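First the structure, in the form of structure tokens, and then the observations on it.
Each value in this text was obtained by applying a stated rule to the coordinates, not by laboratory testing. Everything quoted here is computed from the prediction, not taken from an experiment. Don't worry about glycine lacking a Cβ; one is built from the backbone with ideal geometry, like all the others, and counts go over all protein chains shown.
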Amino acid sequence: MLQKEIVIQGEAEKLADEKEKADQLKIEEAEKRMQAMQDSLDKLYADQMESFESYKAGITSRDVFMDQKVSYEQMEEQMQENIKKQRMAVLDLEKKLEDARNGIKISGDQIKVDQLTREMVLMLIDRITVWPGKRMEIKWNFKEK
């Protein structure tokens with residue numbers, strides 16, 4: 001019955017498009033954060049090189065350079081770990097988007113729902129009442145035909 005009502009109302013396509021756009025926006029934001037992290041790492045590498053050049057030119061003492069080197073290496077390790085986590089988050093978001101695309105398939109005037117998502121339930125169903133004896137009543141957010 002739910003499949004029939006989705007087809008009648010034509011809401012599944014709209015719902016799928018809105019959800020995909022929102023998910024794509026999340027992915028783009030996560031990719032921007034990852035790029036900002038990579039830019040910070042590149043800046044760190046430039047600072048490391050500048051520190052080395054300063055030591056090489058005799059401006060900085062060996063002890064100061066070695067302390068800076070240790071600090072830079074620790075920051076680099078942490079930044080690389082953060083970039084790795086962000087990359088995994090982006091991949092996870094992309095997988096979820098692909099899984100969501102597989103949940104609703106639209107072909108011409110046919111709509112096939114493979115799984116009922118929370119968003120669909122909130123949009124289509126007002127309430128569900130379960131009665132004794134395995135009887136259920138669904139009150140839709142639209143008029144049944």
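Just a few scattered comments:
- For region 20-27, 3J(HN,Hα) computed residue by residue from phi via the Karplus equation (6.51, -1.76, 1.60; θ = phi - 60°) reads 5, 4, 5, 5, 5, 5, 4, 5 Hz, glycine and proline entered as x.
- For the pair Thr117 and Glu31, a Förster radius of 30 Å applied to the C-beta separation gives a FRET efficiency near 0.80, rounded to the nearest 0.05.
- Full extension of the chain between Lys69 and Ile128 yields a length gain of 14.9 nm, computed as 0.36 nm times the residue separation minus the alpha carbon distance.
- Segment Ile138-Gln78, extension gain: residue separation times 0.36 nm, minus the distance between their alpha carbons: 16.4 nm
- Taking amide H as placed 1.01 Å from N in the peptide plane, Trp140 has its amide H under 5 Å from the amide H of Asp126, each at least 5 places away in sequence or on another chain.
- In terms of packing, defined here as the mean over residues of other Cβ atoms within 10 angstrom, the peptides 66-72, 125-131 line up highest first as 66-72, 125-131.
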